[in-house]
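Peer 1: This is the structure, below, for whatever I ask next.
The values are calculated or read from the model by the stated rules, or taken from the named source; none is laboratory data. Quantities reported herein were computed from a predicted structural model and do not represent experimental measurements. FYI the Cβ positions are ideal-geometry reconstructions off the backbone, even for glycines, and counts take in every protein chain you see. Accessible surface areas use protein heavy atoms only, side chains included; no ligands, DNA or RNA. Shrake-Rupley method; radii C 1.70, N 1.55, O 1.52, S 1.80 Å.
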Amino acid sequence: MSLNLLKTAKQIDVMATNISGRQNVHLEKIKKAINAINQFSIENFKQLKNEKSNELSFVVPTIVEHPKNRYSTTNKIYEYCVMAVDGSQIEMDRHAPTTCFLINIGTCTLKYGNAAKSIFSSTPILYAKNDELVIKNELNYSERLIEGDLLAAKRSVDEIKFLGKLLKKSSAQLPRICLLDGSLQMISLKGYYNDEIVLHEFIESGMVTELNKIKSIITESTNTVFASYISYPNSTDIINALKLTSCQSESIKCGRFGNEQSCSECIGGVLDRELFSTILSPGERSSVFYASENSLSEYYQDHRIMFFYINVNNEIARIEIPQWIGENSKLLELLHSLILDQCAKGKGYPVSLMEAHEQAVITNADRKTFITMIEKTLHHQNIPIYTSMKNHSKNLRWL
Amino acid sequence: MINKNQEEKYPKSPIGEVIETSAFNLTIQCHKLYESPAIGSLIKCGTETIVYSVISNIKTQSLDTTRTTIALAQNAFSVEDVYQENPQLQNLLSTSLNTIVVGYKQNTHINHEIPSIPPKIHDLTYCCTLEETLEFSQTFGFLRILRSSNNAHIDDVIVSFLRSTLGNSKNPSQLLLRAGQELARLLKDDTQRLTQILERVSL
């Protein structure tokens, strides 16, 4: 028996009724958030942040420009090159005949203007050697399998490596934009804040090494930018900052899904994109903010992550950039213009990222074929194939 | 990789390669978007045996059948603008040709028959030169194969082939006479169809 859709439908009905009941309350909260940003003072925020930093159950960004500032661009660039990278993975499966995982990296380079051209690539990387499958701690001989959050981090590192290679091969004659999908902050590693080996492997040796390479190329040219693009972001950095300045309660403990200690000015549950959709007109971007300091920040060295929101006509997107882009007004202007153009060409989402995704995507059929290929290859080489009885029973589905 | 033998046989660069093969019909994917010979053109592929076929249809569509093409020219002044603004289309769209196999060449001898072995998938495909087309058209026995194909628009394909061959030949009336004789034999029971074809070729 597969999913009982009749029983599920009834539960979906109840869920929809609950959402409808909460909608008015949520709209009220958005109004309060607008009120809070109108009254926001950077000085007051800095003071409260210093005073309460140890008590807060959430992190707040560093704000140097008023969050209500908005910027537009009239700079339309017709000739440029965009390089985008995306990845997908096949996780380790303990029921599979062998232990391995695969990362597939899709790249897309589009050149606009005279001699417009496109180059796509799809590169699968199979990790199957013992030392590729784990992060080893030489001190206590412990091992962590690269799966789940660690595999997500590994994929992020592979993605930025490929982006660095594309950038290195490209010509600096035209303005260039390098794009990644998702956050530059390796949030999947937050749960490993006390595992120095993991953080060193993925952030310092991985992400930061690649960011250094990209930075060295970008600083040599005056017309190259690099960013990661987050569509429909769920982040609440600015809302957190507003909570700090507007909350009437002694201890600010209103969250997205629970508000037991909410005050009359509670804005818990509102997302940054909901707030900025009321502030930014189509084509405009917000001020640039420094991402909230967290346990991973120190590993990023001089690549502190900054971000801004941008109205790309169809939605509010979040753009994350290293500080050497975010603190350079010319590069920001170029980035703003090129992001808007990419989104216009992609009907609301950067066309280059869409095509990189298409190159990277691994379908369910591909996943099944991958396992079959492993089984056949092992069989041809007379290597015994073992799988779990659970897997066996799933495949057999006997009566 | 093209070997020396192939280079001698095919001095020009290929237009594409075979992606579907059978004894009677081939599908050729063009290497460059929209760069295909016209309907009715004679093309060739194969190494040991050169297989000749006539283009019966040209299609351009999304390479990925799960992705549909949508209108992109709302703000463009020309179709060239659309392709310049969307360079990814060059990689996402593909032009392919359906062809009807009409003969083969083995040891310099041309046969207007179906080859006993069809070409291979990925066989490079070349457009025949005028000289090759005239050599192939010394007799018009291949019109029998074209006529018997189950293509609903085969008369248009025959007309296109004859128009372009006659138009480029030094002695078109002689060629038309021979082609007309062959068509008269094939369509002796359908004079209306025969007349229509010959009238259209003579235009």
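Peer 1: Quick one: would you say A:E327 is away from every other protein chain (no Cβ under 13 Å) and free of Cβ contacts under 8 Å to residues at least 60 places away in the same chain?
Peer 2: On the way: away from every other protein chain (no Cβ under 13 Å): yes; free of Cβ contacts under 8 Å to residues at least 60 places away in the same chain: yes.
So A:E327 fits the description; yes.
Peer 1: If you take the residues of region A:78-103 that are within 14 Å of another protein chain (Cβ to nearest Cβ) and part of a loop (DSSP other than H, G, I, E, B), which of them is nearest to A:I371 (Cα to Cα)?
Peer 2: So the residue we want is A:Y80.
Peer 1: Is there a residue in region A:381-392 that is under 30 Å from B:I70 (Cβ atoms) and of a type in the set (V, I, T)? Spell out how you get there, then give the answer.
Peer 2: Filtering region A:381-392 for residues under 30 Å from B:I70 (Cβ atoms) gives none.
No.
Yes/no matrix, rows are residues, columns are (1) open to solvent by 70 Å² or more (accessible area, probe 1.4 Å); (2) at pLDDT below 95; (3) more than 30 Å from B:T66 (Cβ to Cβ):
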| residue | (1), (2), (3) |
| --- | --- |
| B:T99 | no, no, no |
| B:N107 | yes, yes, yes |
| B:E113 | yes, no, yes |
| B:I121 | yes, no, no |
| B:L130 | no, yes, yes |
| B:S149 | no, yes, yes |
| B:D155 | no, no, yes |
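Peer 1: Condition first: in contact with a strand residue (DSSP E or B) (Cβ under 6 Å, 6 or more places away or on another chain) and open to solvent by 10 Å² or more (accessible area, probe 1.4 Å). Now tell me which residues in region A:283-303 satisfy that.
Peer 2: Once the filter is applied, which keeps residues that are in contact with a strand residue (DSSP E or B) (Cβ under 6 Å, 6 or more places away or on another chain) and open to solvent by 10 Å² or more (accessible area, probe 1.4 Å), region A:283-303 yields A:E284, A:R285, A:Y290.
Peer 1: Note down all Cβ pairs under 6 Å where the first residue falls in region A:150-165 and is farther than 20 Å from A:C100 by Cβ, the second is in a helix (DSSP H, G or I) and not basic (K, R), and they're at least six residues apart or on different chains.
Peer 2: Note: pairs meeting the criteria are A:I160/A:E210; A:G164/A:E210; A:G164/A:I214.
Peer 1: Can you name the residue in region B:60-79 that is under 20 Å from B:I28 (Cβ atoms) and open to solvent by 70 Å² or more (accessible area, probe 1.4 Å) and is also farthest from the other protein chains (Cβ to nearest Cβ) among such residues? Show your work before the answer.
Peer 2: Restricting attention to region B:60-79, the residues satisfying the condition of being under 20 Å from B:I28 (Cβ atoms) are B:60-65.
From what is left, the residues that are open to solvent by 70 Å² or more (accessible area, probe 1.4 Å) are B:61, B:63, B:65.
On the way: B:Q61: 16, B:L63: 10, B:T65: 13 Å.
Within region B:60-79, the match that is farthest from the other protein chains (Cβ to nearest Cβ) is B:Q61.
Every residue, every condition in (1) among the hydrophobic types (A, V, I, L, M, F, W, C); (2) under 17 Å from A:I310 (Cβ atoms), yes or no:
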site: A:K29; (1), (2): no, no
site: A:K52; (1), (2): no, no
site: A:V60; (1), (2): yes, no
site: A:I63; (1), (2): yes, no
site: A:T74; (1), (2): no, yes
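Peer 1: Which members of region A:326-384 meet the condition of being part of a loop (DSSP other than H, G, I, E, B) and buried (at least 17 other Cβ atoms within 10 Å of the Cβ)? Lay out the reasoning, then the answer.
Peer 2: We begin by selecting, within region A:326-384, every residue part of a loop (DSSP other than H, G, I, E, B); these are A:327-328, A:346-350, A:361-363, A:381-384.
Within region A:326-384, A:N328, A:G346, A:Y349, A:P350, A:I362 qualify.
Peer 1: Now for a separate question. In region A:40-92, what residues are more than 27 Å from A:L335 (Cα to Cα), of a type outside the set (S, T, N, Q), open to solvent by 50 Å² or more (accessible area, probe 1.4 Å) and without any contact (Cβ under 8 Å) to a residue 60 or more places away in the chain?
Peer 2: A:E43, A:K46, A:E51
Peer 1: Of A:I230, A:I238, which residue is open to solvent by less than 10 Å² (accessible area, probe 1.4 Å), modelled with pLDDT of 90 or more and under 24 Å from A:R273 (Cα atoms)? Full working, then the answer.
Peer 2: Details: A:I230 fails: open to solvent by less than 10 Å² (accessible area, probe 1.4 Å).
None of the other options fit; the residue is A:I238.
Peer 1: For A:I339, which of the numbered conditions (1) closer than 30 Å to A:E91 by Cβ; (2) β-branched (V, I, T); (3) more than 14 Å from chain B (Cβ to nearest Cβ); (4) under 17 Å from the mean Cα position of the chain (by Cα) fails to hold?
Peer 2: For A:I339, the exception is condition (1).
Peer 1: Those residues that are outside any helix (DSSP H, G or I) and among the hydrophobic types (A, V, I, L, M, F, W, C), I need them from region A:124-176; list them, please. Before you say what the answer is, go through the steps one by one.
Peer 2: So the first thing to find is which residues in region A:124-176 are outside any helix (DSSP H, G or I), and the list is A:124-129, A:134-148, A:170-176.
Residues satisfying the conditions are A:I125, A:L126, A:A128, A:V134, A:I135, A:L139, A:L145, A:I146, A:A172, A:L174.
Peer 1: Take the residues in region B:106-119 that are of a type in the set (V, I, T) and in contact (Cβ under 8 Å) with a residue 12 or more places away in the chain; name whichever of them is farthest from the other protein chains (Cβ to nearest Cβ).
Peer 2: B:I110
Peer 1: Of all helices (runs of 4 or more DSSP H) completely enclosed by region B:105-203, which ones contain at least 3 residues that are more than 23 Å from B:A23 (Cα to Cα)?
Peer 2: Passing ranges, in order: B:130-136, B:154-168, B:172-186, B:191-202.
Peer 1: Another question, then. If the Cβ limit is 8 Å and pairs must be 6+ apart or interchain, which residue in region B:80-105 that is more than 7 Å from chain A (Cβ to nearest Cβ) and over 30 Å from B:S137 (Cα atoms) pairs with which residue that is among the aromatic types (F, W, Y) and open to solvent by 10 Å² or more (accessible area, probe 1.4 Å)?
Peer 2: Every condition considered, the pairs that remain are B:L89/B:Y83.
Peer 1: If you take the residues of region A:78-126 that are under 23 Å from the mean Cα position of the chain (by Cα) and aromatic (F, W, Y), which of them is farthest from A:A344 (Cα to Cα)?
Peer 2: Initial filter on region A:78-126 (under 23 Å from the mean Cα position of the chain (by Cα)): A:81-92, A:101-110, A:120-125.
Add one more test, that the residue is aromatic (F, W, Y), and what stays is A:101, A:120.
Values: A:F101: 36, A:F120: 20 Å.
Within region A:78-126, the match that is farthest from A:A344 (Cα to Cα) is A:F101.
Peer 1: So A:K390 clears everything in (1) within 26 Å of A:S216 (Cα to Cα); (2) surrounded by fewer than 20 Cβ atoms within 10 Å (Cβ to Cβ) except one condition, right? Which one?
Peer 2: (1)
Peer 1: Is there any pair with a first residue in region A:104-122 that is more than 7 Å from chain B (Cβ to nearest Cβ) and a second that is part of a loop (DSSP other than H, G, I, E, B) whose Cβ atoms are under 6 Å apart and which are 6 or more apart or on different chains, and what are they?
Peer 2: Sorted first by the residue in region A:104-122, then by its partner, the pairs are A:N104/A:I362; A:G113/A:Y78; A:G113/A:E79.
Peer 1: Return yes when A:A9 is more than 30 Å from A:P175 (Cβ to Cβ) and touching a helix residue (DSSP H, G or I) at 6+ places or on another chain (Cβ under 9 Å) and no when it is not. First the steps, then the outcome.
Peer 2: Values: more than 30 Å from A:P175 (Cβ to Cβ): yes; touching a helix residue (DSSP H, G or I) at 6+ places or on another chain (Cβ under 9 Å): no.
No: the conditions fail for A:A9.
Peer 1: In region A:207-231, which residues are in contact with a Ser or Thr (Cβ under 8 Å, 6 or more places away or on another chain) and of a type in the set (G, A, S)?
Peer 2: Looking only at region A:207-231, we keep the residues that are in contact with a Ser or Thr (Cβ under 8 Å, 6 or more places away or on another chain), and these are A:207, A:217-218, A:228, A:230.
Of everything in region A:207-231, just one residue is in contact with a Ser or Thr (Cβ under 8 Å, 6 or more places away or on another chain) and of a type in the set (G, A, S), namely A:S228.
Peer 1: Could I ask something else about it? Looking at A:E320, A:E315 in this structure, which one is surrounded by fewer than 20 Cβ atoms within 10 Å (Cβ to Cβ) and in contact with a Phe, Trp or Tyr (Cβ under 7 Å, 6 or more places away or on another chain)? Show your work before the answer.
Peer 2: Numbers: A:E320 fails: surrounded by fewer than 20 Cβ atoms within 10 Å (Cβ to Cβ).
Testing whether each residue is surrounded by fewer than 20 Cβ atoms within 10 Å (Cβ to Cβ) and in contact with a Phe, Trp or Tyr (Cβ under 7 Å, 6 or more places away or on another chain) leaves just A:E315.
Peer 1: State the number of residues belonging to region A:350-399 that are acidic (D, E) and more than 30 Å from A:Y112 (Cα to Cα). Working first, answer last.
Peer 2: First pass over region A:350-399, keeping only residues acidic (D, E): A:355, A:358, A:366, A:375.
Filter once more, so that each one left must be more than 30 Å from A:Y112 (Cα to Cα): A:366, A:375.
Of the residues in region A:350-399, 2 are acidic (D, E) and more than 30 Å from A:Y112 (Cα to Cα).
Peer 1: Restricting to region A:179-207, count the residues that are under 20 Å from A:L166 (Cα atoms), aliphatic (A, V, I, L, M) and in a loop (DSSP other than H, G, I, E, B).
Peer 2: Residues of region A:179-207 that are under 20 Å from A:L166 (Cα atoms), as a first pass: A:179-184, A:205-207.
Applying the additional criterion that residues be aliphatic (A, V, I, L, M) yields A:179-180, A:184, A:207.
Okay, now just the ones that are also in a loop (DSSP other than H, G, I, E, B), so A:184.
Here the count works out to 1.
Peer 1: Being under 22 Å from A:R273 (Cα atoms) and in a helix (DSSP H, G or I) is the requirement here; does A:N50 meet it? Give the derivation first.
Peer 2: Working: under 22 Å from A:R273 (Cα atoms): no; in a helix (DSSP H, G or I): yes.
The answer is no for A:N50.
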